[in-house]
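Everything below concerns the one structure shown next.
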Amino acid sequence: MNVVDQVAEKGFCSGCGLCAAVCPETVLSMFFDESGELRPAESDGCTDCGLCLEVCPFSGRGPSIDDAANSHYGKSREMDQTPVLRHSLSCRKGHIVRGEFRTKGASGGVASWFLTRLLERGDVDAVLLAGPDDKRPGFWTFRKVINPEKVIDFTGSVYHPVPITEALKAILQEKETRRYAVIALPCLAYGLRKAASLLPALGERLAFLASITCGMIPTHRYQEYASLESGVLPKDLLRMDFRRPPEEDDSDNYRHAAVAKNGSEGETVPAKGLPQFLWGHGGCIQGGCLICDDVFGETADVVFMDAWLPEYKHSRLGNSLMISRHPLAEKIVDEGTALGECRLDIIPPEDVVGAQFDTILMKRILLAGRLARMEEAGRVPPPRRVKPDRDLAEKYKEFFNLCDEVRTLAASSRLEDFQDLETFKKKMVLLRKREEDLRARGKDPLTTIPG
């Protein structure tokens, strides 16, 4: 019994790769299945030690998210506690003034600047962050950065599974004990907290943990779609730029753009349209994401996210929100303000919640309906803080049925060439018409549940 049969084969894997990194028998490896989901596979030699299950964010084993967060932040008298954000020393909005962090970043450049400052100040010896996999064009991995000037090379959002497997294996095998900062999605941050409590070698090295608010991670299939939509065959793809700036005064309508191996760039693809439809209905989404209830990286020392606030709605330059849970994060921001490197104003926690309501809707409110439908179908997910709501599932039954069809179509579609793309889009047109009908009849929770 291990993470393969208990989590991945049940459809609850987020593709973080932590299990394969810590397996003492090295019998786990990560692969993309036929639907484009990243998940572990098992070779002979498993001893049923259970370590993979203990560190997995979706196994239900080990300390809960609440317990892990409370053990790090629950004893601080200075910490505010709110039902959705949980712990926070401060919440801030704004952007970075220094250099090109803002113009190169996905939002306000705050995350990249913050990691740079950790290295410059000597608080950590290295940073682990997501970046293109040099060994596999078109794929992503965790990159180790020691030089603070190089952090900015990895700015931007990655809407694709990013396994930490190889990077973490390398860290655990290092003879020298370096202090690392890791920036991870909420599920991986939680898994790293669990792993650090079990593996002394990791506990000694994990000096600072940052996270990014997550609205669910798309599968590799989504990148195949975006690459074709941009005009580049997936086999010719070097990388996707998932967060090009909007081309109009609408901060929500950022662009995807494919970069081919020969250096040419494809057309920009607006997020509003089919990309947004796929995301909002669970199409091309990792299975674990559909049961995740951690929006704000509750086990991380600091959390960064887009500032979807009314005052920034018409800005083409990005802005960020930040939740601080560690005194060091407060110190870095205060120093940055004094140096004129950042403009980050204190805001109330409810402003952060309001800015991220669409994510909360998908990952907390509608999760109750998804869990009820899983329960009805005989699927048993690991324990969640959100409880199944059969009334919600019944009220929006047509919406949830549509989501299931979108997900099934996305998972089963071949997306290798432009003919595949046209076939895929024609089928999606019919499903999008049903979405329009649901909205016209007030049956779409994405538009009827108030923020």
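Values as computed for the structure displayed
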{"item": "Identity of the residue in the range 272-329, under 21 Å from Pro218 (Cα atoms) and β-branched (Val, Ile, Thr), that ends up surrounded by the fewest Cβ atoms within 10 Å (Cβ to Cβ)", "result": "Ile291"}
{"item": "Selection count, the range 198-233, where residues are surrounded by fewer than 24 Cβ atoms within 10 Å (Cβ to Cβ), part of a helix (DSSP H, G or I) and of a type in the set (S, T, N, Q)", "result": "1"}
{"item": "Residues within the range 411-430 that are in contact with a Phe, Trp or Tyr (Cβ under 8 Å, 6 or more places away or on another chain) and either exposed (fewer than 14 other Cβ atoms within 10 Å of the Cβ) or in a helix (DSSP H, G or I) (or both), tallied", "result": "3"}
{"item": "Candidates Arg343, Arg373, Arg316, filtered to the one that is in a strand (DSSP E or B) and over 27 Å from Asp67 (Cα atoms)", "result": "Arg343"}
{"item": "Per-region count, the range 26-38, residues surrounded by fewer than 14 Cβ atoms within 10 Å (Cβ to Cβ) and either of a type outside the set (Ser, Thr, Tyr) or closer than 13 Å to Glu9 by Cα (or both)", "result": "2"}
{"item": "Test: residue in the range 78-87 that is in a helix (DSSP H, G or I), charged (D, E, K, R) and surrounded by 22 or more Cβ atoms within 10 Å (Cβ to Cβ)", "result": "no"}
{"item": "Tally of residues being farther than 26 Å from Gly318 by Cα and out of contact with any strand residue (DSSP E or B) (no Cβ under 9 Å at 6 or more places or on another chain) across the range 70-128", "result": "6"}
{"item": "Residue satisfying condition, being outside any loop (DSSP other than H, G, I, E, B) and modelled with pLDDT of 95 or more, within set Leu446, Leu438", "result": "Leu438"}
{"item": "Flag if Ala195 is surrounded by 23 or more Cβ atoms within 10 Å (Cβ to Cβ), under 30 Å from Asn319 (Cβ atoms), in contact (Cβ under 8 Å) with a residue 40 or more places away in the chain and touching a Leu at 6+ places or on another chain (Cβ under 9 Å)", "result": "no"}
{"item": "Looking only at the range 8-20, and only at residues there that are without any contact (Cβ under 8 Å) to a residue 60 or more places away in the chain and buried (at least 24 other Cβ atoms within 10 Å of the Cβ), the one that is nearest to Cys52 (Cα to Cα)", "result": "Cys19"}
{"item": "Check on Ser90, hydroxyl-bearing (Ser, Thr, Tyr) and surrounded by fewer than 23 Cβ atoms within 10 Å (Cβ to Cβ)", "result": "yes"}
{"item": "Checking Arg239 against (1) within 29 Å of Cys292 (Cα to Cα); (2) in contact with a helix residue (DSSP H, G or I) (Cβ under 9 Å, 6 or more places away or on another chain); (3) in contact (Cβ under 8 Å) with a residue 60 or more places away in the chain, the condition it does not meet", "result": "(2)"}
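Residues checked against (1) part of a strand (DSSP E or B); (2) in contact with a Cys (Cβ under 9 Å, 6 or more places away or on another chain):
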| position | (1), (2) |
| --- | --- |
| Asp5 | no, no |
| Glu9 | no, no |
| Cys16 | no, yes |
| Ala21 | no, no |
| Met30 | yes, yes |
| Glu34 | no, no |
| Ala41 | yes, no |
| Asp44 | no, no |
| Thr47 | no, no |
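The values are calculated or read from the model by the stated rules, or taken from the named source; none is laboratory data. Since the structure is predicted, the reported quantities are computational estimates derived from the model, not experimental observations. No Cβ is skipped: glycine too gets one built from the backbone with ideal geometry, and neighbour counts run over all protein chains shown.
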